[in-house]
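Each reported figure results from applying straightforward, stated rules to the coordinates on display, with no laboratory input. In this text, all values refer to a predicted model and were calculated from it rather than measured experimentally. Methodologically, a virtual Cβ is constructed for each residue, glycine included, from the backbone with ideal geometry; neighbour enumeration extends over all protein chains shown.
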Amino acid sequence: MKIADLPRIPLAQLPTPLDELPRLSEDLGVRVLMKRDDLTGFALGGNKARKLEFLIADALAQRADIIVTGGGAQSNHIRMTAAAARKVGLDARALVFGEMPAEVNGNLLLDDLLGVEIIHTPNDDRVRAEQMLIEIADDLKQQGRRPYLIPIGGSTVLGCISYLLAVGEMREQLAARAISPDHIFITTGSCGTHAGVLTGLKYYGSTMSLYGISVGRPKSECEDRIATLVKKTADFIAPALSVRPNEIIVYADYIGRGYALITPEARAAIKRVARLEGIFLDQVYTGKTMAGLIDLIARGKIARGSTVVFWHTGGIPGLFANPADFHA
Ligand SMILES: Cc1ncc(COP(=O)(O)O)c(C=O)c1O
């Protein structure tokens, strides 16, 4: 299958900027560039805009009339999926798992504005949540609807292909400025962005190493999910492509007390980047990834003087969910 033959709708403002962060670079002793996927534009931006260009186009090709997906209470994925569904005239139903906050704020507020139909389960078990999504879609079919199910995080082959293409976009930006980074840092959640970028690095023959910072799942679970997604994506577009296990690099040391719970290191990293560069990170995703980068430099795992691309995947609305996170 050729990527160019896949249905796609335009959602993201592309290419996203690749910014130099000179003051942060000086502070860390490592040259840091930032790939600004927080600026994909649509529905307040973030990494999901790229994935949804393919996923929502596929839903339309399958003549769906409602999108079903799921995530945590402050899911950027639910917000952006619902906005993309609305843009093309579809309904959206979302399973929200875990604890519901007392206040409707951040992404939950935006979900409300978009009119997402929310089904809540206090159960935090993601495997069960994925099963519940299938049950919700089956119920809708019984009612004569045509649901299109997007798994949590939009981490499917189509989602990965969007990030394979994003690597091509970044490579053109780097080539135009004659920059050859050593490493990329990315946030690893449901693993599709990580798997897509890794597949892209292989596809384009790049030697940059990709470091994923897990924000919730254990290391081995991330590694298995990434390996499976890379394999499925390769089977789809380039069967000869493969990654070695040692090319799947995931650190799960920066999660703290759990998914979506801020850590002191993430709080410090968010303030440091805001105060040095005027750029916002968030406490659920990119703040923990920046905390990981800072720690790995301090531990000598990332050599001083090297060049790193930090892939900013968005998540800014989540900043407003719990201001108390930043009062400590
Ligand atoms: C802001 C942000 N960054 C990173 C991620 C992780 O992406 P993925 O689920 O593809 O691993 C997410 C997922 O929801 C996100 O919202």
Query raised in the report: Long-range amide H contacts for Ile184: which residues qualify at under 5 Å (H placed 1.01 Å from N, peptide plane, sequence gap of 5 or more or a different chain)?
Result: Ser209, Leu210, Tyr211, Val309
Requested in this report: Taking the Cα centre of the range 48-154 as origin, sum charge times position over the Cβ atoms of Lys and Arg (+1) and Asp and Glu (-1), and report the length of that vector in debye to the nearest 20.
Outcome: 480
Query raised in the report: How long are the semi-axes of the ellipsoid equivalent to the chain, from square roots of 5 times the Cα gyration tensor eigenvalues, in whole Å, largest first?
Result: 30, 24, 18
Report summary line: The answer for the per residue Cα convex hull volume of the range 48-154, in Å³, is 86
Report task. With label points built 7 Å along Cα→Cβ from the Cα atoms of Ala238 and Phe280, find their separation and express it in nm. Result -> 3.6
Report summary line: Residue-ordered couplings for the range 265-279, obtained by feeding phi - 60° into the Karplus form 6.51 cos²θ - 1.76 cosθ + 1.60 and rounding to whole Hz (Gly and Pro as x), are 5, 5, 4, 5, 5, 4, 5, 4, 5, 5, 7, 8, 10, x, 10
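So if we plug the beta-carbon distance of Lys87 and Ala324 into 1/(1 + (r/R0)^6) with R0 = 45 Å, what FRET efficiency do we get, rounded to 0.05? Before the final figure, lay out the partial values.
Values: r = 34 Å, r/R0 = 0.75.
E between Lys87 and Ala324, to the nearest 0.05, is 0.85.
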**Report entry** Dipole axis of the chain (+1 Lys, Arg; -1 Asp, Glu on Cβ), positive-most option in Leu44, Leu158, Val284
**Finding:** Leu158
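To the nearest 20 debye, what is the magnitude of the charge dipole of the chain about its Cα centre, counting +1 on the Cβ of each Lys and Arg and -1 on the Cβ of each Asp and Glu?
Values: 37 positive and 36 negative charges, 132 e Å.
For the chain, the charge dipole is close to 640 debye.
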Requested in this report: Could you calculate the FRET efficiency of Met1 with Arg257 from 1/(1 + (r/R0)^6), where r is the beta carbon distance between them and R0 is 56 Å, rounded to 0.05?
Outcome: 0.85
Report task. Calculate one ³J(HN,Hα) per residue across the range 165-177 by plugging θ = phi - 60° into the Karplus curve 6.51 cos²θ - 1.76 cosθ + 1.60, and present them in order as whole Hz with x for glycine and proline. Result -> 5, 5, 5, x, 4, 5, 4, 5, 5, 5, 5, 5, 10
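Show that you can apply the helix-only estimate: for the chain, add -39,500 (n - 2.57) for every DSSP H stretch of four or more residues, divide by all residues, and state [θ] at 222 nm to the nearest 500.
Values: 10 runs with 137 residues, N = 328.
After summing the helix terms and dividing by the residues of the chain, the value is -13500 deg cm²/dmol.
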**Report entry** the chain, relative contact order [Cα under 8 Å, separation at least 6], %
**Finding:** 21
Requested in this report: Only Cα pairs under 8 Å and at least 6 apart count here; give the relative contact order of the range 161-254 as a rounded whole percent.
Outcome: 32
Query raised in the report: For Ala268 and Thr228 in the same chain, what is the full-extension length gain: residue separation times 0.36 nm, less their Cα-Cα distance, in nm?
Result: 11.0 nm
**Report entry** DSSP-defined beta bridges in the chain - what % are antiparallel, rounded to 5
**Finding:** 10
Report task. Go through the range 283-293 residue by residue and turn each phi into a ³J(HN,Hα) via Karplus (6.51, -1.76, 1.60, θ = phi - 60°); whole Hz please, and just put x for glycine and proline. Result -> 7, 8, 10, 6, x, 5, 5, 5, 4, x, 4
Report summary line: Once amide hydrogens are built 1.01 Å from N within the peptide plane, the residues lying 5 or more places from Leu149 or on another chain with amide H under 5 Å from its amide H are Val68
**Report entry** Residues of type lysines that Lys301 reaches as a straight line, Cα spacing below 24 Å, ignoring anything fewer than 8 places off in the same chain
**Finding:** Lys35, Lys202, Lys219, Lys271, Lys288
